[in-house]
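Following: one structure in structure tokens, then a few remarks.
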Amino acid sequence: MSEYLDPRGLSRRELLKRGTALGATFIVGAGFLAHANDAWAVESKALSPETMAAIIQVARDTYPHDKLADKYYAIAVKGHDDKAAEDAAHKTLMEDGVATLNSMAVATGASSYLAMGWEIDRVALLKQIEDSPFFQAIRGGLVVSLYNQKEVWPIFGYEGESFSKGGYLERGFDDITWL
Amino acid sequence: MSAPYKTDDNSVVVVIGTGAGGGTLANELAQKGISVVALEAGGRHLPDDYINDEWPSFGQLAWLDARTTSGDWRVSRDFSGLPAWIVKAVGGSTVHWAGASLRFQEHEFRVRTEYGDLPGANLLDWPITLEEMEPWYDKAEYKMGTTRTNGIPGLPGNNNFKVMKAGADKLGYKDCHTGRMSINSQPRDGRGACQQAGFCFQGCKFGAKWSTAYTEIPAGEATGKLEVREHAHVLTIEHDNNGKVSGVVYADKDGNQHRQAARAVCVAGNSIESPRLLLNSASSMFPDGLANSSGQVGRNYMRHMTGSVYAIFEQPVSMWRGTTMAGIITDESRNDPSRGFVGGYEMETLSLGLPFMAAFLNPGAWGREFSSAMDGYENMAGMWLVGEDMPQESNAITLHPDTKDQFGLPVPNVNFSDHPNDIAMRNHAYQQGQAVYDAAGAIRTMPTPPYPSTHNMGTNRMSAKARDGVVNKHGQAHDISNLFVSDGSQFTTGASENPTLTIVSLAIRQADYIASQMTAGKL
Ligand SMILES: Cc1cc2nc3c(=O)[nH]c(=O)nc-3n(C[C@H](O)[C@H](O)[C@H](O)COP(=O)(O)OP(=O)(O)OC[C@H]3O[C@@H](n4cnc5c(N)ncnc54)[C@H](O)[C@@H]3O)c2cc1C
Ligand code: SF4
């Protein structure tokens, strides 16, 4: 995860000093997004840090796992920033998608998507844009970019590769006791 | 040693594809001293190369050339460019396969007679009977080292099986065991025993599972009569003025084209590529494609009635540990129309790793209903439902009018819609699968839609009469006597069992027939 820490070689304290709080979770500054409590930050090359923060929240709301920290969602959606850096249309898709969500949030009386307090209210907005290219790009990408992170596998109990350990013949392939 | 052969050597039998059908046939012919050139579109990957990681393994092995889909099946919506999950490599889909090896039942060779005339279904009896097939099944099971045959013990049950078995017992099912699996339960044939590694779908790194990649192919090569050309993608089959096939044109790794002459050609590219190849080989003599006077080439595409049931329990199952598919309930595979459908289905244990579970549990779904199911992954058990689906003329492989592949040839479109019988059977199977897990104490069960097809059948079907199908009871084209179909596309109907044992049995039988025809001077 190191590449996601202190993206510009700045110390974490420095980052926090240079940024301003966005909701309760994030600190944003020029070209970066840091987590308020967790020791990670992500550089944003093409998308604004505010857009990245909203996309991370959309990712969590799409596949909410309370046992997964935000950094896994941040890693999972980082590809959209990379792609936006190379593809202006993708940049527009992401920035406009978030802008749309924010204006929908404002219409409900909140100040932004991120400022909406309950998942159920945010999900109600996502439901309305479920078929949009913006939402489908985020959801579709997550299926692989979130669940194929080897770091998240143990959190779900999945053990991954087994050949180097000789399979499970001696390691519990039939160890069930509760049946 | 006669191999390798020259491209103008017209004494060789050319086999296209080295999977269950082609790999077996190539070896069997070579064992009889017949000169064989096997052309394989993919490269050679052996157990050392296989990757215990689902997406990278998929990237290594899967057939990813462009394909399109249509019809009302969900695969067309969720995986529009990936109708089937099959392999492009020496060994074909026997690198991926799980090893379940079941004989068809007696009535499944004569379903038109048994089921009657079902509206919308293009049913036909096979031109062979179980009795005729039995000796070939014997040989195939011996070759593949199928458990519970030839005195080979069954595999030990893993956790996923134990959950299935507990539910099956409570429900009163009588026939639940760890399957007839072509996976070594003890060392055999120079290969070791299963280490319960749990990556059967990704290629068995222990070589415990039978795969033509490291059984049939090297055995054939060792005779000196078989030459396997890798990265040799066959584009068209050519014929002479007498309407006999005379050779094939293929592209090598660099896209350069070559022509290999042939005494006979055996097509075994699996049920999408095989008919596509015949259709792409149309000529002025055969304007509708080779062997297609019946119009049945590409039609009657079957993929089995499939679906899965996953269930979450209060405590861990760790279903990914151990053999992926060594568990079966066969009680529902009988034909009993009182259930509301003809034909039957098997319930077989199945596990996906976390990455594939995310992709296949309910494609397109999102939100807490989905993610909470994923949260239950460690406590999940899973089964696959596989039953007989109805052949329908409109379920077909056709050439796409516009989209071309990397060689400029029309890509295959796979059109598929369920028959009402398929839907009724799937609903019954979902209900019974969920009942099995409920009986074992599940707190949540999930009927999961079919994946891209792993079982592909029927698109060059066998028939007694030339007007009803593409090949005769030996897989020999009705229209062209030195053209054979040697894979699952020759299936007249699909039965409720996994297809590979039958594909291998037919290939062994076909090798015998080809040899006898050659001896008789007819080929
Ligand atoms: C994940 C998975 C699990 C499975 N589990 C089971 C199971 O437990 N039991 C069971 O019975 N079956 C199982 N199957 C199905 C089984 O793998 C297939 O039924 C069987 O391999 C089909 O044999 P085939 O000869 O028709 O085609 P394949 O084995 O797919 O071989 C076709 C070969 O032809 C090559 N080819 C295609 N076109 C060309 C061309 N134009 N030129 C040159 N080469 C070409 C391909 O690259 C491939 O190597 C499973 C399949 C998958 C994917
Ligand atoms: S479980 Fe057995 S057959 Fe499957 S991959 Fe592991 S060793 Fe091979």
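The values are calculated or read from the model by the stated rules, or taken from the named source; none is laboratory data. As the structure is a prediction and not an experimental result, all values here were calculated from the model. Note that each Cβ is placed from the backbone with ideal geometry, even for glycine, and that neighbours are counted across all protein chains shown. Surface areas here come from the heavy atoms of the whole protein model, side chains and all, with no ligands, DNA or RNA. Shrake-Rupley method; radii C 1.70, N 1.55, O 1.52, S 1.80 Å.
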**OP:** Would you point out which residue out of B:394, B:453 is away from every other protein chain (no Cβ under 14 Å) and out of contact with any Pro (no Cβ under 9 Å at 6 or more places or on another chain)?
**Re:** B:394
**OP:** Kindly indicate which of B:70, B:57 is at pLDDT 95 or above and within 16 Å of ligand 2 (Cβ to nearest atom).
**Re:** B:57
**OP:** Residue by residue through segment A:40-68, note down the ones that are open to solvent by 20 Å² or more (accessible area, probe 1.4 Å) and either among the β-branched types (Val, Ile, Thr) or within 23 Å of residue B:377 (Cβ to Cβ) (or both).
**Re:** A:60, A:66, A:67
**OP:** Name the strands (runs of 3 or more DSSP E) wholly inside segment B:1-93 in which the number of residues that are not hydroxyl-bearing (Ser, Thr, Tyr) is 2 or more.
**Re:** B:13-16, B:36-39
Original post:
Looking at (1) more than 14 Å from every other protein chain (Cβ to nearest Cβ); (2) of a type in the set (Val, Ile, Thr); (3) buried (at least 24 other Cβ atoms within 10 Å of the Cβ), can you tell me which one residue B:330 breaks?
Top reply: (3)
**OP:** Please tell me if residue B:125 is more than 28 Å from residue B:91 (Cβ to Cβ), in contact (Cβ under 8 Å) with a residue 24 or more places away in the chain and open to solvent by 30 Å² or more (accessible area, probe 1.4 Å).
**Re:** yes
**OP:** For segment B:346-377, name all the residues that are within 21 Å of the chain's Cα centre (by Cα) and either under 17 Å from residue B:445 (Cα atoms) or open to solvent by 10 Å² or more (accessible area, probe 1.4 Å) (or both).
**Re:** B:347, B:348, B:349, B:350, B:351, B:352, B:360
**OP:** May I ask you to verify whether residue B:98 is away from chain A (no Cβ under 14 Å), away from ligand 1 (no atom under 16 Å from the Cβ) and assigned to a loop (DSSP other than H, G, I, E, B)?
**Re:** no
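To keep it simple, each residue is scored yes or no on (1) away from chain A (no Cβ under 14 Å); (2) out of contact with any Asp or Glu (no Cβ under 8 Å at 6 or more places or on another chain); (3) more than 22 Å from residue B:270 (Cα to Cα); (4) open to solvent by 20 Å² or more (accessible area, probe 1.4 Å).
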residue	(1), (2), (3), (4)
B:6	yes, yes, yes, yes
B:10	yes, yes, yes, yes
B:14	yes, yes, no, no
B:27	yes, no, no, no
B:33	yes, yes, yes, yes
B:43	yes, no, no, no
B:46	no, yes, no, yes
B:50	no, yes, no, no
B:56	no, yes, yes, yes
Original post:
Does segment B:313-323 contain any residue that is modelled with pLDDT of 95 or more, of a type in the set (Lys, Arg) and within 16 Å of ligand 2 (Cβ to nearest atom)?
Top reply: yes
Original post:
Can you name the residue in segment B:196-247 that is more than 23 Å from the chain's Cα centre (by Cα) and assigned to a helix (DSSP H, G or I) and is also nearest to residue B:95 (Cα to Cα) among such residues?
Top reply: B:221
**OP:** Scan segment B:479-520 for residues that are open to solvent by 10 Å² or more (accessible area, probe 1.4 Å), outside any helix (DSSP H, G or I) and in contact with a Ser or Thr (Cβ under 7 Å, 6 or more places away or on another chain) and jot them down.
**Re:** B:479
